[in-house]
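Inspection log for the structure reproduced underneath, given as structure tokens.
The values are calculated or read from the model by the stated rules, or taken from the named source; none is laboratory data. Keep in mind that what you see is a predicted model, and the values were worked out from it rather than measured. We place every Cβ from the backbone using ideal geometry, glycine too, and count neighbours over all the protein chains shown.
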């Protein structure tokens, strides 16, 4: 039996807070993603009581989503994929000695994002479900393509073409392996290790972690990680100033969370891009508003992603897929009948999210100074140590040395890309969203067979998405000409 | 990340059209290869669900993006800049540059750690060798005692943290695995 008040039981609060603190540390470590943390917890949670497992997982989920911002801001390596926009907007400020303010703003924005996510989760359930249910394969595929296109536009600066190339190469990389519709092996060169495809965790760690290591060590006089990060608590007026971005990013985070497969990574990229357009600012020069857009969106995304997971049993994101699996181990099947079969569970989850949010906020401020000390070590000492984390992070998911070799290969490739002016972010997003785009586009084509144009024209949401994709490309070309 | 791109682009903006010229040629060749490969893939349920459909679409787009990059490079005098760079190029001078030397060292040491050490000897020992050698080369201020201590202790701490707290395996056998076997 579950209830809202049960989530505030002192023991469960302690468990949830421990989860949030561990999640922050986990998320801060380059390459150790929220998905990996949640996936590892599936097995671990089996030995826990159901209430304890849910509280702990919600704590880790909330903590690790924020944790990515710490290393993204201080050492220019995002701890999690969704922290890339925070890195873009926050690291230039950290180099100027404002790392503390960036982190303080990130924490506050994350907390606000979580509150907005919880509020919207509770109040907008029927309305958002209506919209999400209109997304069929065709719309999901278009959404994936748009995610890659917009990240290409916003990360490549003056050369959006290079961003799109990077994203499209990422999509192609994701197609390696046995495809799921006919079981045909694509681009595997007969290698058995590639049958299941190229896992995105080694790719992410290689492209972000190893590339940074190769690049930063090769620079005899690189940037200096600031020893003093300035004040941490952001002034209240700062948050008030960005209220429009907070509301906009909350909706972006929630909506992308509701759409199955679109996790916090899509949320932050979209929120960041939309934020740049609305404010007419270039966040990548260092801007707290960019940090707010990114952090509010990825935390609001938690509430959004839990919505289809709890009510439909369809994971809104990869970490919520692990959450569903963990509850399944405890005999809880999520779906439309959840309120009948597990009375009070929804309210227990709402309570757990509130506790996790408060715990994340307090733990994050407590963990900033130790984190700064950790990441303020001499660069020549820190980066080889980060290599060890990259090794463990790549190895952990499948326990295969091949994944470490992949990470090295992608690290080298990322280093070359950086030297030749190609942004790395779109490629990572392409690798993550590639399979989603492939399967959904082919499913849609199968449904549309016979009258493709007629079917496309009969789907208004799809038409809007096509126009958005086209506008993204046109605006990129226009920006280049400007 | 973009900042890093900018950091790389600014001092040698004039070299970028030449780099773009080479990149575009490689990209177009790669795309043509994928187009041909995709066309050779079977179509068991017709073209609409063919495994090669999406690779064909993506590689065709990539080819045209490569064409765009080539045009932009030619407009920015990419070919003449490439020829100038080629004439001025000297392998010994390039390798002698401090940045290139440091890059080569870190890449070679990391490759040795990943491909030769990991999985063959326990993680802690493999990491000790890697850390001691990289810190010796790059962290001159550290002093040998600090380097030895850090290189020896840190892999043990990390291995213990991940094996015991996070229950995550490390590549190759860990000393803690030996310990567990011995205690059993």
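For residue A:355, the conditions (1) under 22 Å from the mean Cα position of the chain (by Cα); (2) over 24 Å from residue A:309 (Cβ atoms); (3) assigned to a helix (DSSP H, G or I) are fulfilled apart from (2). Consider region A:2-43 and keep the residues that are under 18 Å from residue A:324 (Cα atoms) and assigned to a loop (DSSP other than H, G, I, E, B). The one that is modelled with the highest pLDDT is A:2.
Yes/no matrix, rows are residues, columns are (1) within 30 Å of residue A:162 (Cα to Cα); (2) in contact with a helix residue (DSSP H, G or I) (Cβ under 8 Å, 6 or more places away or on another chain); (3) surrounded by 14 or more Cβ atoms within 10 Å (Cβ to Cβ):
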site: B:74; (1), (2), (3): yes, yes, yes
site: B:105; (1), (2), (3): yes, yes, yes
site: B:110; (1), (2), (3): yes, yes, yes
site: B:126; (1), (2), (3): no, yes, yes
site: B:143; (1), (2), (3): no, no, no
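Candidates are the residues of region A:213-246 that are within 14 Å of chain B (Cβ to nearest Cβ) and part of a helix (DSSP H, G or I); the one that is modelled with the highest pLDDT is A:214. Of everything in region B:91-103 that is out of contact with any helix residue (DSSP H, G or I) (no Cβ under 9 Å at 6 or more places or on another chain) and away from every other protein chain (no Cβ under 11 Å), the residue that is farthest from residue B:22 (Cα to Cα) is B:96.
Please determine whether any residue of region A:44-59 is within 20 Å of residue A:368 (Cβ to Cβ), surrounded by 24 or more Cβ atoms within 10 Å (Cβ to Cβ) and modelled with pLDDT of 90 or more. Full working, then the answer.
Restricting attention to region A:44-59, the residues satisfying the condition of being within 20 Å of residue A:368 (Cβ to Cβ) are A:59.
Filter again for surrounded by 24 or more Cβ atoms within 10 Å (Cβ to Cβ), leaving A:59.
Now narrow it down to the ones that are modelled with pLDDT of 90 or more: A:59.
Looking through region A:44-59, at least one residue is within 20 Å of residue A:368 (Cβ to Cβ), surrounded by 24 or more Cβ atoms within 10 Å (Cβ to Cβ) and modelled with pLDDT of 90 or more.
Could you check region A:463-482 and list, in sequence order, the residues that are over 17 Å from residue A:277 (Cα atoms) and within 24 Å of the chain's Cα centre (by Cα)? A:465, A:466 - these are the residues of region A:463-482 that are over 17 Å from residue A:277 (Cα atoms) and within 24 Å of the chain's Cα centre (by Cα).
It is to be established whether one or more residues within region A:440-449 are within 24 Å of residue B:132 (Cβ to Cβ), more than 9 Å from chain B (Cβ to nearest Cβ) and out of contact with any strand residue (DSSP E or B) (no Cβ under 9 Å at 6 or more places or on another chain).
Initial filter on region A:440-449 (within 24 Å of residue B:132 (Cβ to Cβ)): none.
No.
Residue A:466 meets the conditions (1) surrounded by fewer than 18 Cβ atoms within 10 Å (Cβ to Cβ); (2) facing chain B (nearest Cβ under 10 Å); (3) over 30 Å from residue B:22 (Cα atoms) in every case but one. The failed one is (2).
Looking at region A:169-196 only, could you name the residues that are in contact (Cβ under 8 Å) with a residue 40 or more places away in the chain and away from chain B (no Cβ under 11 Å)?
Once the filter is applied, which keeps residues that are in contact (Cβ under 8 Å) with a residue 40 or more places away in the chain and away from chain B (no Cβ under 11 Å), region A:169-196 yields only A:193.
Just one of the listed residues (A:65, A:102) is buried (at least 24 other Cβ atoms within 10 Å of the Cβ), within 18 Å of the chain's Cα centre (by Cα) and over 16 Å from residue A:208 (Cβ atoms), and it is A:65.
Of all the listed residues (B:54, B:71), the sole one being more than 20 Å from the chain's Cα centre (by Cα), more than 7 Å from every other protein chain (Cβ to nearest Cβ), modelled with pLDDT of 90 or more and part of a helix (DSSP H, G or I) is B:71.
From (1) closer than 17 Å to residue A:243 by Cα; (2) more than 14 Å from chain B (Cβ to nearest Cβ), pick out the condition that doesn't hold for residue A:276. Just one mismatch for residue A:276, condition (2).
Restricting attention to helices (runs of 4 or more DSSP H) lying wholly within region A:63-135, give those where 2 or more residues are at pLDDT 80 or above. Even if it seems obvious, please write down each step before you answer.
Details: elements: A:84-93, A:99-123, A:125-132.
Result: A:84-93, A:99-123.
Among the residues of region A:392-432, the ones that are more than 18 Å from residue A:166 (Cα to Cα), facing chain B (nearest Cβ under 7 Å) and under 21 Å from the mean Cα position of the chain (by Cα) come to 3 in all. Kindly provide the set of residues from region B:131-174 that are within 24 Å of the chain's Cα centre (by Cα), at the interface with another protein chain (Cβ under 7 Å from one of its Cβ atoms) and within 14 Å of residue A:384 (Cα to Cα), ordered by number. Residues satisfying the conditions are B:131, B:134, B:135, B:138, B:139, B:155, B:158.
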